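A short worksheet on the structure shown next.
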Amino acid sequence: MVSYAAAFFSTAFATYDVTAVSRPAMTNRVTAKPAPSSGRFGELVHGDGRGALRRPEQRRPLPGRPPGSTMLARVRDQKVLVANRGEIAIRVMRTCREMGICTVAVYSDADRESLHVEMADDAYHLGERAPAESYLHVAKILAVARRSGATLLHPGYGFLAENADFARAVAEAGLTFIGPSPESMVMMGDKSAARRAAESAGAPIVPGTADPITPEDAGREADRIGLPLVVKAAYGGGGKGMRLVESRSELGEAVERSAREAQAYFGRPEVYLERYMAKAHHVEAQVLGDRHGHHSFLGERDCTLQRRYQKLLEESPSPIVDEDLRARIGEAALAIARAARYENAGTVEFLLEEDGSFYFMEMNARLQVEHPVTEMVSGLDLVRLQILVALGERVEVAPSLRGHAIECRLNAEDPYRDFLPGPGLVTRYRPPSGPFVRLDSGVEEGRRVVGDYDSLFAKLIVWGEDREIARRRMLRALDELRVEGIPTTVPFHQWVLQTKEFREATADTKWVERALAEHPLSRQEPEASAHFDTTVEAKPLRMVVEVDGRRIPVALWGEELRAAPQPPASSGSRSAGSMAGEVVTSPMQGTILQVNVEPGQALAAGDVICILEAMKMENSIQTHDDGVVKEVLVSKGDVVDTDQPLAVIEASG
């Protein structure tokens with residue numbers, strides 16, 4: 001078994017050619033000078049005259065660099081700023097570490113104690129918790145790049161990853177953007193332009209609008225396309241800003257809510273319409289292009305298991321794609337990539353019908369959340385290939401795909417309560433292990449999942465010789481995983497992996513929602529989640545001192561007691577106590593986006609009182625009984641805490 005595992009992950013697993021090419025010297029490059037001082041907690045290095053924290057244990061390149069290696073010699077003096085947070089920032093940093101490249105983290109007020117900040121060699125403060133003041137603030141990110149001496153910038157996914165103006169600004173600042181060119185990003189990042197490019201390349205497309213639409217134009221275009229349809233963000237992906245519209249009366253609100261979510265997550269509010277295809281499978285193709293005109297197809301992934309257009313579980317290869325269909329999907333994806341003159345890693349997404357017909361949806365001009373399943377079946381490090389392409393290397397990849405990989409997204413959401421977000425302190429964290437098990441995590445025990453950003457905190461990935469072995473391995477790994485202090489989607493994954501629909505690969509993109517509507521998940525032990533271990537083994541108390549925006553961690557040793565947060569109340573309302581009537585409370589921390597009621601208004605059970613945004617998701621807060629609004633306790637824009645009263649409802653009659 002040992003020899004088999006070694007052979008599986010050997011360099012012979014995939015054949016590819018990486019040839020050094022000449023590259024003009026970059027401008028505005030700053031090389032750090034030797035550190036003038038060091039201490040127990042890090043080295044203060046005056047690389048640009050102002051200093052930044054670097055930790056001794058992370059500064060030295062890993063041993064074993066082949067002498068005279070041309071490619072590794074070229075990357076030795078590079079420095080990558082990762083303009084993101086959480087698990088994807090750590091994922092990029094790990095590859096950089098293996099390549100001997102120093103990394104720079106950026107963080108907001110909410111992420112001062114986040115793990116990605118400590119994983120980097122340097123860490124710089126951006127600003128306030130709001131993405132617009134931190135991870136979406138181009139000027140602040142570029143200022144950190146200049147100050148830290150970064151030479152390359154990796155955007156991760158989400159935030160500014162598909163923003164062509166940002167990619168262009170990075171290049172104008174003298175840095176290398178690890179991703180596609182701004183021109184390709186404009187074509188593919190603009191979903192409407194991507195549809196036109198796909199059509200010109202001969203790929204079939206789903207009927208929809210050719211350009212972004214306004215709320216005023218939505219009605220006319222909906223009549224042309226037909227119902228049901230989907231409202232989608234024109235400059236985003238990952239299911240953010242998507243709304244299903246099944247009747248004309250839903251259209252106006254769907255367009256407005258999609259535009260708000262798109263603005264919050266991607267910094268652009270434009271949306272477009274697309275016909276909704278019922279009972280389809282979601283299959284996507286991983287492509288890679290370099291600056292020399294080479295384009296490679298790295299296999300497909302199946303992302304059919306979704307809820308509210310958010311992917312929940314991904315696998316590679318797709319269980320419903322045979323060799324002939326795989327070849328046709330690969331040819332279509334490569335044709336689209338060539339039409340866009342696409343460079344770096346990208347994903348071409350298709351909807352696949354039961355008869356084998358497939359239609360282009362969009363191209364994500366970035367690294368995908370689910371890229372690890374492709375890495376597991378190909379033996380390739382996609383982040384490493386991204387960096388090599390960005391440095392101008394000639395990269396042609398012809399992987400020999402082997403086995404089957406499954407990824408489960410681990411979100412801080414409660415599947416027993418309609419996937420309600422639940423940020424909080426992680427009081428226990430025991431990762432799974434064993435053969436061919438991988439965990440990409442942005443947290444660890446004693447750290448907090450903050451409520452200001454996406455609820456994804458980790459991804460669990462397994463590989464097996466075939467799909468059934470991978471399925472059983474994932475169930476074993478999920479059973480080993482222990483996360484306490486926050487709700488997680490682990491129970492959902494344990495359920496779905498054992499369903500007949502998953503085992504036989506008969507599910508479509510709406511199956512999860514239908515199945516949960518008919519048979520909601522229920523706790524086998526209702527009180528289990530209410531009991532948490534309130535103590536953990538002694539750990540240092542971590543404090544942060546900032547000097548002119550530079551982060552310096554301090555560790556204080558001593559006995560410490562961490563109390564787990566109490567789980568949210570089982571409903572969004574409670575008896576009034578001192579208030580006469582039903583008090584509707586907030587089920588989570590968040591921001592009030594809209595208040596739908598006013599004092600004196602009559603309500604029926606199920607009416608929406610307000611819309612609460614938490615972890616980039618909009619949640620409708622409803623009343624449980626008929627009644628009349630006695631008092632409204634919040635306003636649009638208010639930030640509320642868990643269990644904070646929102647409104648008082650008097651019973652009818």
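Numerical summary
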read-out: Cβ-defined net charge surrounding GLU343, 13 Å radius [Lys, Arg +1; Asp, Glu -1]; value: +2
read-out: Most to least accessible of VAL437, VAL496 (protein chains only, probe 1.4 Å); value: VAL437, VAL496
read-out: Listed pairs LYS232/LYS510; LYS140/LYS636; LYS459/LYS510; LYS510/LYS636; LYS79/LYS240; LYS232/LYS500 exceeding 24 Å between Cα atoms; value: LYS140/LYS636; LYS510/LYS636; LYS79/LYS240; LYS232/LYS500
read-out: Gap separating the Cα centres of the stretch 586-642 and the stretch 450-465, nearest whole Å; value: 30 Å
read-out: In Å², nearest 10: area of HIS519 left accessible to a 1.4 Å probe; value: 130 Å²
read-out: Share of carbon and sulfur in the accessible heavy-atom surface of the stretch 142-209 [1.4 Å probe, %]; value: 54 percent
read-out: Accessible-area value, ARG482, 1.4 Å probe, nucleic acids and ligands omitted, Å²; value: 90 Å²
read-out: Volume per residue of the C-alpha convex hull in the stretch 595-653, rounded to whole Å³; value: 77 Å³
read-out: Spin-label model distance (nm) - ASP625 vs GLU513, 7 Å beyond Cα toward Cβ; value: 3.2 nm
read-out: Counted charge near HIS292, where neighbours are those whose Cβ lies closer than 10 Å (Asp, Glu -1; Lys, Arg +1); value: -2
read-out: Global form of the stretch 121-177, assessed from the alpha-carbon gyration tensor, a/c cut-off 1.5; value: oblate
read-out: Cα-projected label distance for ASP211 with ASP165, points at 7 Å along beta-carbon direction, nm; value: 1.8 nm
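The values are calculated or read from the model by the stated rules, or taken from the named source; none is laboratory data. No experiment lies behind these values; they were computed from the predicted model shown. Counting neighbours? That spans all protein chains shown, and the Cβs are built from the backbone with ideal geometry, glycine included. Heavy atoms of the whole protein, side chains included, go into the accessibility calculation; ligands, DNA and RNA do not. Shrake-Rupley method; radii C 1.70, N 1.55, O 1.52, S 1.80 Å.
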